[in-house]
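Read-outs: derived from the displayed coordinates by stated rules, not from any lab. Please read all numbers here as calculations on a predicted model, not as lab measurements. Glycine also receives a Cβ, built like all others from the backbone with ideal geometry; neighbour counts cover every protein chain displayed.
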Amino acid sequence: ARTADLLAPGAAGAASAAVAAFNVITVEHAEAIAAGAEAAGRPAVLQLSENAVKFHGGALAPIASATAAVARASTVPLALHLDHVESVDLLHAASAHGFSSVMYDASALPYADNVKATSEAARWAHARGLWLEAELGRVGGKPGDAHTPGVRTDPTEAAAFVADTGVDALAVAVGSTHAMTTRTATLDHPLITELRDAVPVPLVLHGSSGVPDAELRRAVASGIRKVNVGTALNTAFTGAVRAFLEAHPSTVDPRRYLAPAREAMAATVERFLHALAGPRTA
Ligand code: G3H
Ligand code: ZN
C-alpha cells in the first residue's frame, strides 16, 4: 500500500478518519505492527526513522527490506514511510527501498532555511512519486532536543509554509511531545481546527504515545489525519521482556522473551487502531 492511498478518503483500503503510523526499530516491531493491524482489520503505516537506521549502523537496506516483506505479506494494507529524515543522503535512499512516503524534518532550522530545504526535498520526492511530510513548529522530546512543550505551530505561518514548499502533509506542534511514557498530554483542539481550516494538506500528530485515547479521538475529529506512535510500542515490548526475564532469570534463548514482547506490542497496536475512529477494512 502507499501512504497517500491510506490517506485518500474513499480510496480502496483507505483509513477513513486517520491513519496510524507505527515506528519500526527491529523486525519484531514490523511483525508486531502487522499482527496488530490484522487483528484490528485496519490499514497502518510502518515507519522507520533516521534514528532507527542509525541504530542499524546507518544501513537502510536490511531493515527496510525486511519491513517491506512483512508489509507485502500482510492481509491488511500496510504502507512504508521513512520518518524524521534530516540527512539528504537518507532521503535520496528512500526511493530505492520501497518507501512511498518520507518525512523530511528540517524543523530545527530557522523558518527561511526550513522552507528552502523542505522545498528541495519536496521537489526531489515528487519527481520520484513519493509523498512528502514536513514539520513546522517543534514537537520536541527527540533525543538531543530541547524539550519544548510550549511551542505551537502558527496557522498563518503553516499555510504559507505549505504553499511555499509544496509538501503533501504537515506535522504540527499542538501539545504532544515525543517519547512520553505516560498518556497525560493535553492537546490544543481549537488550534488543530484552525490549522485544518488554514492548511490544505493532511495534518500529522507526532508523539502520540503520550496522548490519551479520548484526546486522540478528539484530535482526529478536529482534523488530524496521521497519528504517529512509537514509544508506547516500546513500553509494551520492554515491559514484557523485563517481566519474562525477572520470572525466568536463566533464559538465554532470545525467542523465549521476544515472543511475549512481540505479542504485547501487537496488542498495543490493536488498541491504538481501535481507539482511532474509522470503519474496518475487512
Ligand atoms: O514520528 C514518530 C512519532 O512522533 C512517535 O512519537 O514515540 O512519542 O509516540 P512517540
Ligand atoms: Zn515524530
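Karplus couplings for the range 29-38 from phi (6.51 cos²θ - 1.76 cosθ + 1.60, θ = phi - 60°), rounded to Hz, Gly and Pro as x?
Running phi through 6.51 cos²θ - 1.76 cosθ + 1.60 with θ = phi - 60° gives 4, 4, 4, 5, 5, 4, 5, x, 5, 5 Hz.
Between SER16 and ARG183, what FRET efficiency comes out of the Förster formula 1/(1 + (r/R0)^6) with R0 = 25 Å and r the beta carbon distance, rounded to 0.05? All intermediate terms of the calculation are to be shown ahead of the outcome.
Working: r = 24 Å, r/R0 = 0.95.
After rounding to 0.05, the efficiency reads 0.60.
By its C-alpha gyration tensor, with a ≥ b ≥ c as the square roots of the eigenvalues, how is the range 1-143 shaped: rounded for a/c under 1.5, else prolate for a/b larger than b/c, else oblate?
Working: a/c = 1.74, a/b = 1.38, b/c = 1.26.
Cα axes put the range 1-143 in the prolate bin.
If you plug each phi of the range 213-230 into the Karplus form 6.51 cos²θ - 1.76 cosθ + 1.60 with θ = phi - 60°, what whole-Hz ³J(HN,Hα) values come out, in order, with x for Gly and Pro?
3, 5, 5, 4, 4, 5, 4, 5, 5, 7, x, 6, 10, 10, 10, 9, 10, x
Set Lys and Arg Cβ to +1 and Asp and Glu Cβ to -1, take the dipole of the chain about its Cα centre, and tell me which of ALA35, ALA125, LEU203 lies farthest positive.
ALA35
If you find the alpha carbon centre of the range 17-55 and of the range 194-254, how far apart are they in angstrom?
10 Å
Taking the Cα atoms only, what angle lies between the long axis of helix 61-73 and the longest principal axis of the chain, rounded to 10 degrees?
80 degrees
Using only helices, what value at 222 nm comes out for the chain when you add -39,500 (n - 2.57) per DSSP H run of length 4 or more and divide by the total residues, to the nearest 500 deg cm²/dmol?
Details: 11 runs with 131 residues, N = 282.
After summing the helix terms and dividing by residue count, I get -14500 deg cm²/dmol.
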